[in-house]
Structure formats: C-alpha cells, structure tokens
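Peer 1: Take this structure first; my questions come after.
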Amino acid sequence: MMKLRKKGFTLVEIMIVVAIIGLLAAIAIPNFVRARTRAQTSTCIANLKQIEGAAQVWAIDTGASDTATLAIASLTPAYIRRWPSCGTVVYAVPGAVSSTPVCPSVASLTDHKL
C-alpha cells in the first residue's frame, strides 16, 4: 500500500498569510504617509529659515535697510550656495529684508513662526 503525501499549503493557510500582510499594510501605509508629510514640512521650515537668515546677513553686510528689496542674484552664491526648491516649485524671494519668506507648497506655513 502506497501513502500519498501532498506537499504544499492549504487555502486556509494562504488566506491567513494574506490577511496578516493586509493588516500590516493597513497599519504601515498611513504611518508612512504621515512621516513623509512631516519630513516635507520640516524641510520647508528649514529652507525658509535659511532664506531668512541669508537675507538678514546680506542686509548687515551691505548696510541695507529693512525695506530694501531682495533678489535671488543678490543672495546666491555668496549667501546661499543654491536656491532651495520644494519639489518642482521654487521658493519666492521675499519682497523686502523684513518680510517673511513663504513656502510655495505648504499653505499652513505662511503663518508659522520661524
């Protein structure tokens, strides 16, 4: 008499593995999206601080007043090596030295204290 042994997984075992993977994905994906948003916001804040600091140093070096108009050419490459960008959108130059730079992609950062 010959015994047949079938090797492999049953349908129930495969369904349990798929359910566990789905559960782990349901937990991990929202956390990944939240972490990515937080990282983009932190990057934007750091870039805004860099632009504001470069504008202040430029004003001190040139003796310009707080109402002096800024241009990218006056800040690069002496004060900022490369003008920062947020994805494909480039940061706008603040109009005057005393004005706060604005993040082009995160509207909620316009009121954020740097």
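What follows draws every value from the coordinates through simple rules; no lab data is involved. What you see is a predicted model, and the numbers here were worked out from it, not measured in a lab. Note that each Cβ is placed from the backbone with ideal geometry, even for glycine, and that neighbours are counted across all protein chains shown.
Peer 1: Enumerate the calculated ³J(HN,Hα) couplings along region 60-77 in order (Karplus 6.51 cos²θ - 1.76 cosθ + 1.60, θ = phi - 60°), each rounded to whole Hz, writing x wherever the residue is Gly or Pro.
Peer 2: These are the phi-based 3J(HN,Hα) values: 5, 5, 8, x, 6, 7, 5, 9, 5, 7, 9, 9, 4, 5, 7, 9, 10, x Hz.
Peer 1: Where does each of 76-83, 93-100 land if you order them by average Cβ count within 10 Å, highest first?
Peer 2: With the highest mean Cβ count within 10 Å placed first, the list reads 93-100, 76-83.
Peer 1: Still on this structure, please answer the following. Between I16, I45, I60, find the one with the highest GNM mean-square fluctuation for the chain; connect C-alpha pairs within less than 10 Å.
Peer 2: The residue with the greatest mean-square fluctuation here is I16.
Peer 1: Next question, about the same structure. If you plug each phi of region 36-47 into the Karplus form 6.51 cos²θ - 1.76 cosθ + 1.60 with θ = phi - 60°, what whole-Hz ³J(HN,Hα) values come out, in order, with x for Gly and Pro?
Peer 2: 5, 4, 4, 5, 5, 5, 5, 5, 5, 5, 5, 5
Peer 1: For T62 and Y79, calculate 0.36 nm times their separation in residues minus their Cα-Cα distance, and state this gained length in nm to one decimal.
Peer 2: That pair, T62 and Y79, stretches by 4.9 nm at full extension.
Peer 1: Could you state the principal axis extents of the C-alpha atoms in the chain, from the largest down, to the nearest angstrom?
Peer 2: Its Cα atoms span 101, 27, 18 Å along the three principal axes.
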